[in-house]
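Working notes for the structure below.
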Amino acid sequence: MFRPRQPVPPPQRATWADLYRIGLGVLMIPLGATILVRTLSAHIVTPASILMGLAFIGFGVYRLYVGFVRYRMYREMRRK
C-alpha cells in the first residue's frame with residue numbers, strides 16, 4: 001500500500017537522453033532570465049510573467065541538478 005521513498009538507483013549507462021535533458025536545463029535558465037528582463041524592460045509586470053520567468057529558471061536549475069547528480073552516481077558506479 002504505502003512504500004517509503006527510496007533513492008533512485010544509479011543509471012546503468014549514460015545516454016543521449018541524459019545529455020539532452022541537461023542541455024534543456026542549460027537553455028531554460030537564460031530563457032527564464034530573458035522573460036524576466038523583457039517583462040521588466042517593457043513595464044509589463046504581471047504576476048503571470050514574473051512567475052513564468054522564475055518557473056523557467058527554477059526548472060532549469062532543477063534539471064541541471066538532477067542531471068549532474070545522476071552523472072556523478074554513474075561515474076562512481078563505473079569506478080567500482
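The values are calculated or read from the model by the stated rules, or taken from the named source; none is laboratory data. Since we're looking at a predicted model, the values are computed, not measured. FYI the Cβ positions are ideal-geometry reconstructions off the backbone, even for glycines, and counts take in every protein chain you see.
Suppose the filter is at pLDDT below 95 and within 20 Å of the chain's Cα centre (by Cα); does R78 pass it? Steps first, answer last, please.
Values: at pLDDT below 95: yes; within 20 Å of the chain's Cα centre (by Cα): no.
For R78, the condition - at pLDDT below 95 and within 20 Å of the chain's Cα centre (by Cα) - is not met.
Regarding T34, is this residue hydroxyl-bearing (S, T, Y) and modelled with pLDDT of 95 or more? First the steps, then the outcome.
On the way: hydroxyl-bearing (S, T, Y): yes; modelled with pLDDT of 95 or more: yes.
Considered against the rule, which asks whether it is hydroxyl-bearing (S, T, Y) and modelled with pLDDT of 95 or more, T34 comes out as yes.
Kindly indicate whether V69 is within 18 Å of the chain's Cα centre (by Cα), within 15 Å of D18 (Cβ to Cβ) and either surrounded by 12 or more Cβ atoms within 10 Å (Cβ to Cβ) or free of Cβ contacts under 8 Å to residues at least 12 places away in the same chain (or both).
On the way: within 18 Å of the chain's Cα centre (by Cα): yes; within 15 Å of D18 (Cβ to Cβ): yes; either surrounded by 12 or more Cβ atoms within 10 Å (Cβ to Cβ) or free of Cβ contacts under 8 Å to residues at least 12 places away in the same chain (or both): yes.
In short, yes.
May I ask you to list the residues in segment 47-66 that are surrounded by 15 or more Cβ atoms within 10 Å (Cβ to Cβ) and among the small types (G, A, S)?
Within segment 47-66, S49, G53, G60 qualify.
Which of the numbered conditions does A14 fail, given that it passes all the others? Conditions: (1) surrounded by fewer than 10 Cβ atoms within 10 Å (Cβ to Cβ); (2) among the hydrophobic types (A, V, I, L, M, F, W, C); (3) under 18 Å from the mean Cα position of the chain (by Cα).
With respect to (1) surrounded by fewer than 10 Cβ atoms within 10 Å (Cβ to Cβ); (2) among the hydrophobic types (A, V, I, L, M, F, W, C); (3) under 18 Å from the mean Cα position of the chain (by Cα), A14 is out only on (1).
Yes or no: segment 56-65 includes at least one residue that is free of Cβ contacts under 8 Å to residues at least 60 places away in the same chain and among the β-branched types (V, I, T). Walk me through how you get there before you give the answer.
If we filter segment 56-65 for residues that are free of Cβ contacts under 8 Å to residues at least 60 places away in the same chain, which is where we start, we get 56-65.
Adding the requirement that they be among the β-branched types (V, I, T) leaves 57, 61.
Yes.
Suppose we keep only residues that are small (G, A, S) and touching a Ser or Thr at 6+ places or on another chain (Cβ under 9 Å) within segment 43-67. Which one would you say is nearest to P10 (Cα to Cα)?
Pass one, segment 43-67, residues small (G, A, S): 48-49, 53, 55, 58, 60, 67.
Right, trim to touching a Ser or Thr at 6+ places or on another chain (Cβ under 9 Å) and you get 49, 53.
On the way: S49: 37, G53: 32 Å.
Taking the candidates together, the pick is G53.
For the subset of segment 17-46 comprising residues that are over 16 Å from the mean Cα position of the chain (by Cα) and not in a loop (DSSP other than H, G, I, E, B), which member is surrounded by the fewest Cβ atoms within 10 Å (Cβ to Cβ)?
Applying the filter and picking the extreme gives S41.
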